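To keep things clear, I will list the structure first and then write my remarks on it.
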Amino acid sequence: MDEPYVPPPAQRFETMGREFGLNLGSGTALVGGCEDFRNPRPQITFAADRFHVEPSWYRVQVHLNRTDPELLERLAHREAETALSEEENVRYRQLGKDQHRALFLGLGALGTAILSGVIRGTAGVMGGGVAVLLAGAAFAFARRAKKAGYDSLHARYQTALAAAHEPDVVLVLHRTGEPIPGGSVDLEATAS
């Protein structure tokens, strides 16, 4: 509020050519989407998304994030890795590979079981045995990852990753005390 916006290094934000007037007479602003406007059961916002301001009119500058999405994803992952220690990152990657192995082995077991059900005779029985072995290996990899704490590492990493993503839109509020020229929208009147 009342400070110029400086985008993070290596990121490109475009400032909209005009400013908008916003009356925050309630003294509360909610950062979220239109899905939660006047919704008694919010879908995407939480109590932490509300912040208090001086009840007043504000001049709003809008900055749009125009940074390459692949760069944003790499930067977010780099930031999320800091939520785990170096040792935890190595373990997380290894356990993630175990999870992928378990998935592929499980899919292989399913495919082999279906195929062995179609094939008759010795080949079908051997296929069933291979399916059981693949399913056992899948279970072993998944169990090893779970016992080694993959779920908690994954939750910490994903929480940090979600927090590390830069917003698509940044609004900068400058207190004016009165409406800006050019008209305004009364949210109270549109909600009726």
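Derivation of every value follows stated rules applied to the coordinates shown; laboratory data play no part. Note that the structure is predicted; figures quoted are calculated from it, not measured. Quick reminder, even Gly has a Cβ in these numbers, built from the backbone with ideal geometry, and neighbours come from all protein chains shown.
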task: Let me know the volume per residue of the alpha-carbon convex hull for the chain, in Å³.
output: 207
- line: Of the range 1-21, those with amide N under 14 Å from the point 7 Å along the Cα→Cβ vector of Thr45 are none
message: If you take every residue apart from Val169 with its C-beta less than 12 Å away from the C-beta of Val169, what net charge results, scoring Lys and Arg +1 and Asp and Glu -1?
response: -2
Leu110 versus Ala155: modelled label distance in nm, points set 7 Å from Cα along the beta carbon direction: 2.6
- request: Within 10 Å, count the other beta carbons around each residue, average over each peptide in 143-150, 49-56, and list them highest first.
  value: 143-150, 49-56
message: Skipping prolines and chain starts, which residues have an amide H placed within reach, meaning under 5 Å, of the one on Phe13, given they are 5 or more residues away or on another chain?
response: Arg66
message: Explain nothing, just the number: relative contact order of the chain, from Cα pairs under 8 Å at least 6 residues apart, as a whole percent.
response: 33
Sites Glu73 and Ser26, calculated FRET efficiency, Cβ-Cβ separation with R0 35 Å, nearest 0.05: 0.45
